[in-house]
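Peer 1: Below is a structure I'd like to ask you about.
Any read-out appearing in this document is the output of simple, stated calculations on the displayed coordinates, not a laboratory observation. Source: prediction; values computed, not measured. Here the Cβ is made from the backbone with ideal geometry for all residues, glycine too, and neighbour counts use every protein chain on show.
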């Protein structure tokens with residue numbers, strides 16, 4: 001059922017563009033397209049801050065659809081040290097309407113790491129599609145969470161011992177010529193369902209200062225990252241409509257970035273946003289290569305590519321009304337798609 005009604009990671013580089021950046025930008029603008037997903041997305045115009053009366057006030061958690069809950073719980077609790085805090089089964093019209101899918105019965109578990117929570121959902125019926133085997137980090141259904149580690153060497157050894165599948169070629173240390181990111185270490189890998197995850201280590205002076213006070217091997221979730229086609233269009237949704245603030249912006253390129261994403265010649269425009277509390281939301285726009293595939297037009301919430309970023313708001317109905325009037329694709333009275341198809345859930349509190 002459908003109704004129609006925008007981190008302190010510090011991964012920036014100097015704003016002096018490398019060769020061909022202006023040509024890349026011109027080519028990107030010349031070939032801009034609107035993504036379709038069920039119904040056509042309307043490109044959000046740049047909106048003044050007062051255009052939407054109600055804003056979100058927190059990023060609550062990130063959620064993902066899993067194929068086998070017991071297998072996923074075993075992975076996240078034993079390999080990554082998350083703690084299970086709830087595990088329930090749900091069914092009925094309320095959930096059919098929430099997900100826009102008839103006949104839903106689902107098992108939902110909440111896991112906590114540090115101060116952050118993630119949500120795992122297994123659809124017992126109807127079951128959705130698996131993640132495409134040939135998925136790449138520049139495809140626009142890409143989303144991950146960045147898990148902070150206090151010791152990259154020990155964390156990487158734990159992952160190797162657990163025989164995780166690689167997404168990066170190896171842990172990468174961002175270079176010193178990048179003043180905002182030099183010394184940050186990161187590594188992409190896959191969970192049992194092929195969701196990409198990141199472990200990240202911030203040296204002193206980089207990232208949120210609270211990570212420096214942590215001692216656990218896996219300290220918490222710093223942000224979620226999503227691939228976007230057009231940063232400005234995504235800002236109109238997340239910043240102007242939802243009310244997140246920009247916390248940082250940069251261009252990243254070079255061999256370390258390419259091997260981190262495992263995309264040859266990767267050159268990214270990165271924009272980090274924050275709400276008043278909770279993890280950050282990071283845009284990854286690939287200036288090169290531009291061959292990332294769009295979010296599948298027939299994707300549903302029970303497909304394994306369906307991550308959900310959950311936000312808290314004081315007036316969900318009012319916010320949805322404003323969003324719908326601006327052309328957003330509303331899946332239900334809590335669930336909405338961003339301009340690239342990523343699911344956003346609005347929860348009233």
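Peer 1: Using alpha carbons only, how many angstrom separate the centre of the stretch 237-271 from the centre of the stretch 108-167?
Peer 2: Result: 19 Å between the Cα centres.
Peer 1: A further question follows. Send over the semi-axes of the stretch 89-217's equivalent ellipsoid, whole angstrom and largest first, taken as the square roots of 5 times the C-alpha gyration tensor eigenvalues.
Peer 2: In descending order the semi-axes read 33, 18, 14 Å.
Peer 1: How many nm is it between the label spots at residue 96 and residue 180, if each spot is 7 Å from the Cα in line with the beta carbon?
Peer 2: Between residue 96 and residue 180, the label points sit 4.8 nm apart.
Peer 1: Would you mind calculating the relative contact order of the stretch 131-249 from Cα pairs under 8 angstrom and at least 6 residues apart, reporting the percent as a whole number?
Peer 2: The normalised contact order for the stretch 131-249 reaches 35 percent.
Peer 1: May I ask you to compute the full-extension gain from residue 314 to residue 112, defined as 0.36 nm times their residue separation minus their alpha-carbon distance, rounded to one decimal in nm?
Peer 2: Using 0.36 nm per residue and subtracting the Cα-Cα distance, I get 70.3 nm.
Peer 1: Further question: Could you give the alpha-carbon Rg of the stretch 74-138 over 2.2 N^0.38 Å, rounded to two decimals?
Peer 2: That ratio works out to 1.33.
Peer 1: Given 0.36 nm per residue, what is the gain on full extension from residue 255 to residue 68 after removing their alpha carbon distance, in nm?
Peer 2: 63.7 nm
Peer 1: Below 8 Å between Cα atoms, with a sequence gap of 6+, how large is the relative contact order for the stretch 212-349 in percent?
Peer 2: 22 percent
Peer 1: On to the next question. Can you list the equivalent-ellipsoid semi-axes of the stretch 68-107, largest first and in whole Å, using the square root of 5 times each Cα gyration tensor eigenvalue?
Peer 2: Output for the stretch 68-107: semi-axes of 27, 9, 8 Å.
Peer 1: Output the peptides 276-284, 327-335 sorted from most to least packed, where packing is the average of other Cβ atoms within 10 Å over each peptide's residues.
Peer 2: Top of the packing list down: 276-284, 327-335.
Peer 1: Continuing with this model, one more query. If you take all C-alpha pairs in the stretch 192-349, what percent of them are over 20 Å apart?
Peer 2: Above the 20 Å cut-off, the stretch 192-349 has 56 percent of its Cα pairs.
Peer 1: Still on this structure, please answer the following. More than 19 angstrom separation, counting every C-alpha pair in the stretch 297-349; what % is that?
Peer 2: Tail of P(r) above 19 Å: 24 percent of Cα pairs.
Peer 1: What nm value, rounded to one decimal, do you get for the distance between residue 129 and residue 325 when each label is placed 7 Å out toward the C-beta?
Peer 2: For the pair residue 129/residue 325, the computed spacing is 3.6 nm.
Peer 1: Moving on. When ranked by the protection proxy of mean other Cβ atoms within 10 Å per residue, highest first, what sequence do the peptides 141-147, 115-121, 188-194 form?
Peer 2: The peptides rank, most packed first, as 141-147, 115-121, 188-194.
Peer 1: Right, here's the next one. Quick check: pseudo-label points 7 Å beyond the Cα along Cα→Cβ at residue 245 and residue 216, how many nm apart are they?
Peer 2: Result for the modelled spin labels: 2.7 nm.
Peer 1: If you don't mind, there's one more thing I want to ask. Could you bin all the Cα-Cα distances of the stretch 210-289 into 10 Å bins starting at 0 and give me the percent of pairs in each, rounded to whole numbers?
Peer 2: Going from the shortest bin to the longest, the percentages are 17, 42, 31, 10.
Peer 1: Please state the relative contact order of the stretch 53-129 as a whole percent: Cα pairs under 8 Å, 6+ residues apart?
Peer 2: 35 percent
Peer 1: If packing is taken as the mean number of other Cβ atoms within 10 Å per residue, what is the order of 259-271, 166-178, highest first?
Peer 2: Peptide ranking by packing, descending: 259-271, 166-178.
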